[in-house]
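The values are calculated or read from the model by the stated rules, or taken from the named source; none is laboratory data. Here the structure is a predicted model, which means the values were calculated and not measured. We place every Cβ from the backbone using ideal geometry, glycine too, and count neighbours over all the protein chains shown. To get the accessible areas, we keep the full protein, side chains included, count just its heavy atoms, and leave off ligands, DNA and RNA. Shrake-Rupley method; radii C 1.70, N 1.55, O 1.52, S 1.80 Å.
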Amino acid sequence: MEVVILTGASRGLGAALADQLLSSERRLVCIARKPNPLLEQKARDRKAWLDYYLQDLTEIEASDMLAQSICDELPADASRLTLINNAGMVEPVARASALPNDQLVRALNLNVAAAMLFSSRFLKGTEDFAGERRILNISSGAARSPYAGWSVYCATKAALDMFSRCVKLEEAVRPNPARIVSLAPGVVDTDMQATVRELDPEDFPNVERFRNLKATNQLASAEEAARRIVLYMARADFGTTEVDDVRNYSTSSEQPSS
Ligand code: NDP
């Protein structure tokens, strides 16, 4: 039995990932603020093992306790253990001179601190695990290209990339190293993109580009993006390229597109 821990499973990319990962062969442990009744119904229909925790991941102490309780009880005889840090927010979107304090802290907590502490608890809780351990951080192209108005979002995703690079180095010298990847998922048709399209050009000068992507059907559906990520997660060389982009690979297989 494989175990996958997935944050942000109530909607968007995380909900599509959860749907595709639900299986009687796998225990799926989901975390979000809101429930996902459709996923729970599908779990009953497929006789799949689903644990679903309601937690605001910007609340760091409570999130840390939850991460510890999940990661300390992972089964020693699992075939593979995977953590997917997917939950994220694009706000606050504003010039750096106008960042609202509360949103700034929430973004740092959710996009960076929660992902780091789940990774930390996961690595600690699975230190003696003999099988494969994988961490997938859902990053963004914004980690690697600056956008005016997205200083917080870009910086938080860049932090995830660098965190993954450092953890890879730490793990490389340990017995049975955990593998880690910070993966950009492409531009995906979710609530987050709807939020982006509504932004004021004063706050986000690139807004028209994202409106055009939607208008010209260039967004990946959440299902398609999740399918590509699930394929990516199964790659034998997972972790070799620790900062990666799902668009570097062909849509129909695991093979590199170039
Ligand atoms: P959505 O806004 O559609 O969904 C975000 C998910 O994160 C939801 O399940 C939400 O659940 C959860 N979440 C948000 N805030 C919190 C919180 N405070 N505590 C716990 N969970 C929370 O985003 P996407 O599906 O589009 O994005 C998923 C990931 O992909 C993010 O990390 C995003 O940065 C990244 N990404 C997305 C792109 C896109 O084009 N959509 C492009 C590049 C990267 P709930 O509200 O129930 O808590």
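How big is the gap, in Å, between the Cα center of region 130-155 and the Cα center of region 51-86?
That distance is 20 Å.
Dipole magnitude of the chain about its Cα centre, charges +1 at Lys/Arg Cβ and -1 at Asp/Glu Cβ only, in debye to the nearest 20?
460 debye
How big is the gap, in Å, between the Cα center of region 97-118 and the Cα center of region 192-214?
Spelled out, the Cα-based centre of one part sits 21 Å from the other.
Given a 1.4 Å probe and every protein chain left where it sits, what share in percent of the accessible area of the chain is carbon and sulfur?
Of all accessible area on the chain, carbon and sulfur atoms account for 51 percent.
Give me the one-decimal nm value for the distance between modelled label points at Ser23 and Asp102, 7 Å along each residue's Cα-to-Cβ direction.
Once both label points are built, they end up 4.3 nm from each other.
Using the Kirkwood radius over C-alpha pairs as Rh, can you work out the diffusion coefficient of region 1-98 via Stokes-Einstein at 20 °C, viscosity 1.002 mPa s, in µm² per second?
150 µm²/s
Mind pulling the per residue volume of the convex hull built on the Cα atoms of the chain? Å³ is fine.
Per residue, the Cα convex hull of the chain comes to 127 Å³.
Only Cα pairs within less than 10 Å get springs; with that Gaussian network setup on the chain, which residue of Ala194, Ala158, Ala15 has the largest fluctuation?
Ranking Ala194, Ala158, Ala15 by mean-square fluctuation puts Ala194 first.
Using just the helices of the chain, give the 222 nm mean residue ellipticity in deg cm²/dmol: DSSP H runs with n ≥ 4 each add -39,500 (n - 2.57), and the total is spread over all residues, rounded to 500.
About -11500 deg cm²/dmol.
To the nearest whole percent, what portion of all C-alpha pairs in region 118-240 is separated by more than 17 angstrom?
For region 118-240, the share of Cα pairs beyond 17 Å comes to 64 percent.
Lysines near Lys124 by alpha-carbon distance under 24 Å, same-chain residues fewer than 8 away left out - which ones?
Output for Lys124: Lys157, Lys168.
Just want the answer: with Cβ charges of +1 for Lys and Arg and -1 for Asp and Glu, which residue in Thr7, Gly141, Ala236 is farthest toward the dipole's positive end in the chain?
The residue sitting farthest along the positive end of the dipole is Ala236.
For a label point 7 Å from the Cα of Glu127 along Cα→C-beta, name the residues of region 159-202 whose backbone N is under 20 Å from it.
In region 159-202, the label zone of Glu127 (backbone N under 20 Å from the point 7 Å along Cα→Cβ) covers 166-180.
Please state, as a whole number in µm²/s, the translational diffusion coefficient that the Stokes-Einstein equation yields for region 84-127 at 20 °C and 1.002 mPa s, with Rh defined as the Kirkwood radius across alpha carbon pairs.
Approximately 184 µm²/s, per Stokes-Einstein.
Determine which aspartates and glutamates satisfy two conditions relative to Lys47: a Cα distance under 17 Å, and not lying fewer than 8 residues away in the same chain.
Counting by Cα, and skipping residues close in sequence, Lys47 has these aspartates and glutamates nearby: Glu2, Asp19, Glu25.
So which lysines pass the test for Lys34, namely a Cα distance under 20 Å, with those fewer than 8 places away in the same chain ruled out?
Partners within reach: Lys42.
Compute the accessible area per residue over the chain, keeping the other protein chains in place, probe 1.4 Å, unit Å².
Result: 47 Å² of accessible area for each residue.
Can you bin every Cα-Cα distance in region 52-128 into 10 Å intervals starting at zero and give me the percent of pairs per bin, rounded to whole numbers?
17, 44, 25, 11, 3, 0
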